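To keep things clear, I will list the structure first and then write my remarks on it.
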Amino acid sequence: MSRFAEIRFKATTAFQRRIGNPVTRRLPFQTLLETTGRTSGLPRVTPVGGRRIGDTFWLVSEFGEKSQYVRNIKANPRVRVRVGGRWHSGTAHLLPDDDPVARLRTLPRVNSTGVRAMGTNLLTVRVDLTDAR
C-alpha cells in the first residue's frame, strides 16, 4: 500500500470508528452487518452499503482484507445482515476474483461513490441469506 493510501486508510477508519459508525448504527433503516469478533467472540456491528438481490446480499469492502469486518468474516463466515429493519442470518463469502468496480455499479449510488472515492483495496463480499423470505 502506498504512503498516501495508508494515510487515507488511517484517516477514514479513525473517522468511521469514532464518528460515522456510532451515528449511522442508530438509524432505524441503516443496513448493518453483524460479525463475530475473531478474538473476543463478541458480536460486532458495522454499517454497510449494499443491496439484497433475492436470497443474496452484496457489498463491497473499501479496504478489502484490512477491514475489521472482513478479517472477522475470514475467521467465522456466519453473519447477520439487517436490511430494511429486519435481521437475516447468512454465510459471507469473500470474492477476490469478482470485479468490485463493476459490482459497485449495481449497488446503491451514494454508498458506492464513497467506497470508490475512499477505498484503496476494494473487495466484493456476498452473503448467502439462510432465512430470507
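The values are calculated or read from the model by the stated rules, or taken from the named source; none is laboratory data. Since the structure is predicted, the reported quantities are computational estimates derived from the model, not experimental observations. For neighbour counting, all protein chains shown are included, and Cβ atoms are generated from backbone atoms with ideal geometry for every residue, glycine included. Please note that ligands, DNA and RNA were not included when accessible areas were found on the heavy atoms of the full protein model with its side chains. Shrake-Rupley method; radii C 1.70, N 1.55, O 1.52, S 1.80 Å.
What are the residue pairs meeting all of these: first residue in the stretch 32-44, first residue more than 16 Å from K66 (Cα to Cα), second residue among the charged types (D, E, K, R), Cβ atoms under 6 Å, and 6 or more apart or on different chains? Partner pairs satisfying both residue conditions: L32/R82; E34/R80; P43/E34.
Highlighted here are the helices (runs of 4 or more DSSP H) found entirely within the stretch 60-133 that include at least 1 residues which are open to solvent by less than 40 Å² (accessible area, probe 1.4 Å) and among the aromatic types (F, W, Y): 68-75. Applying the condition of being assigned to a strand (DSSP E or B) and modelled with pLDDT of 95 or more to the stretch 28-49 and asking which residue is most open to solvent (accessible area, probe 1.4 Å) yields P43.
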